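For reference, the structure discussed in these notes is given below.
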Amino acid sequence: MNHTYKPVLRNVNVQNITYQGEPVFLLQDPLRLTDAVILLPQALGPLAMLCDGQHTIPEIRAALEVRYGLRLPQHLIENLLEQFDQALLLESEAFQRAKQQALEEYRAAAYRPPALAGPSYPADPDELRRMLDGYLAQVDPPASPATVRGIISPHIDYQRGGPVYAAVWASAAEAVRQAELVIIFGTDHNGGLGTLTLTRQHYASPLGVMPTDLALVDRLADALGPDTLFAEELHHRGEHSIELALVWLQHIRQAEPCAVLPVLTGSFHHFMTGMADIQTESRFARFVDLLRQETAGRRTVVVAAGDLAHLGPAFDGPPLDAVAQARMKVDDEALMDVLAQGDAARFYHFMRREQYPRNVCGLAPFYFTLSVLGSSQGRVISYDRCPADHQNTSFVSVCGMVLE
């Protein structure tokens, strides 16, 4: 490797695991462009941290020795970096080639195939319908006014969140059946800071294909620029948030197609930590204004596919005992109360004061849904806390809400 080369580690998936009795970091490409993974001894974690584009390999070697007491020969560091590159963990030509090839294949396909059919829910349409009907049978028949304009839906797996999905989608059923357009804002778990990501692909599930409103996508892209809205389009390929809401949309509509606008939303971390001010993001205001103009006079339902808090050791937090679980519920109720007020600015400032300690991954979808709807009034339909580890010390909270 060139002595001036400064490796840059991508934003990769990291898991703490034990391998052959030793603690290791499992590193994996979040876009799954390759099946390769790296098992990095945790003692070598500083090596990954130093791949920040600021250090040459000799500088990495020196920093490891001076800062961390790790004396590694340069050839070993180079070998590890070669393995990183082969696993597509570095910003490199190999990664860019693989990404471009995957994007071309994604765009050339007739539709976006379901990513979770089989692993997470039945791939057989009849079996899937029976499963969803089973969840619907568990909820009392709700009032379903056609005046519903917005839905807050989970994006957790159906095994844990099924009853909440069923309750909220049943409550919005009449509006969903009458909708001419459904906008789905979903969390992009691998998205960049403040990204809004469209796709021209149609979303498919075992229940059929839902057509993306291509004319609307094109008008948005013309107004905001394709570089703004398609830079992370490949994230649609594997992201589950929109897909898990869309399956319920199809089921409630009995597979009757309607136009869909799938929008992935990136991280709000920089807003929550004060690194940036959402009020200065003119593209957000422009995007919301355009959607309001485009949907005026058109029967539209806006869906936020997002979960609430993620707390406990599974999310790098302390274990939740009974008291902490009760506190989680109280905090969730405060959050849902603010959401139900239907005011995007008030919701944003509420979350900003919270400083993001509860890992609310639905933050961005909630914000954009409230923004597009404008003044609205929400009604909580269902709520649950779902276990996220075998010790019952980690939980994900979810809710279903309709907005009118």
Amide H contacts of Gln377 (H built 1.01 Å from N, under 5 Å, at least 5 apart or other chain): Glu404
Global size of segment 229-366 as Cα Rg and Dmax, reported in angstrom: 17.0, 50
Gap separating the Cα centres of segment 226-296 and segment 309-343, nearest whole Å: 24 Å
Placed amide H near Cys386: partners under 5 Å, 5+ positions off or other chain: Val396, Ser397, Val398
Angle in degrees between helix 125-137 and the longest Cα principal axis of the chain, rounded to the nearest 10: 70 degrees
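Please report the projected area of segment 24-95's Cα convex hull averaged over all directions, in nm². Numbers along the way, then the final one.
Numbers: hull surface 18.7 nm².
Mean orientational projected area (segment 24-95, Cα hull): 4.7 nm².
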Sequence-distant residues sharing a close amide H with Val303 (under 5 Å, placed H): Ile151, Ile183, Ile184, Phe185
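Kirkwood Rh, Cα Rg: Rg to Rh for segment 348-404?
1.03
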Percent RCO, i.e. relative contact order, over segment 13-101, from Cα pairs under 8 Å lying at least 6 residues apart: 23 percent
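Write down Rg/Rh for segment 200-256, rounded to two decimals, with Rg from the C-alpha atoms and Rh from the Kirkwood relation over Cα pairs. Mind showing how you got there, number by number?
Working: Rg = 12.9 Å, Rh = 12.6 Å.
The Rg/Rh ratio comes out at 1.02.
As a check on your grasp of the helix formula, calculate [θ] at 222 nm for the chain: sum -39500 (n - 2.57) over DSSP H runs of n ≥ 4, divide by the residue count, round to the nearest 500.
Details: 16 runs with 170 residues, N = 404.
It lands at -12500 deg cm²/dmol.
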Segment 210-247 residues near the modelled Ala110 label - backbone nitrogen below 14 Å, point 7 Å along Cα→Cβ: 210-211
The chain: angle of helix 74-86 to the longest principal axis, Cα-based, in degrees nearest 10: 30 degrees
Ranked list, fewest to most other Cβ atoms within 10 Å of each Cβ, for Tyr165, Tyr135: Tyr135, Tyr165
Exposure proxy order (Cβ contacts within 10 Å, fewest to most) of Asp157, Asp140: Asp140, Asp157
Rounded to 10°, Cα long-axis angle of helix 57-68 versus longest principal axis of the chain: 90 degrees
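Stick to the Cα atoms of the chain, pair each with every other, and give me the Kirkwood hydrodynamic radius in Å at one decimal.
Numbers: mean 1/r = 0.0442 Å⁻¹.
This gives a value of 22.6 Å.
Among Val323, Val182, Val398, what is the fewest-to-most ranking by other Cβ atoms within 10 Å?
Working: Val323 8, Val182 24, Val398 27.
The order, fewest Cβ neighbours first, is Val323, Val182, Val398.
Can you give the relative contact order of segment 111-403 as a percent, counting alpha carbon pairs under 8 Å and 6+ residues apart? Working shown, then result.
Numbers: 573 pairs, mean separation 79.0, N = 293.
This gives 27 percent for segment 111-403.
Please report Rg over Rh for segment 224-296, where both radii come from the alpha carbon positions and Rh follows the Kirkwood definition.
A ratio of 1.03.
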Phi to ³J(HN,Hα) by Karplus 6.51 cos²θ - 1.76 cosθ + 1.60 over segment 297-302, Hz, x for Gly, Pro: x, 10, 5, 10, 10, 10
Using θ = phi - 60° and Karplus 6.51 cos²θ - 1.76 cosθ + 1.60, couplings along segment 358-366 (whole Hz; Gly, Pro as x): 9, 6, 7, 6, x, 3, 5, x, 4
For Ala259, net neighbour charge (Lys/Arg +1, Asp/Glu -1) across residues whose Cβ lies under 10 Å away: -1
Karplus 3J(HN,Hα) series, Hz, for segment 6-21 with 6.51 cos²θ - 1.76 cosθ + 1.60 (x for Gly, Pro): 10, x, 10, 7, 5, 6, 9, 6, 10, 10, 8, 9, 10, 10, 6, x
Radius 10 Å from Cβ of Leu403, net charge of other residues (Lys, Arg +1; Asp, Glu -1): +1
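Since every read-out is calculated from the coordinates, none of them should be taken as a lab result. Remember, it's a predicted structure, so these values are computed and weren't measured experimentally. Using ideal geometry, Cβ is built from the backbone for each residue, glycine included, and neighbour counts are taken over all protein chains shown.
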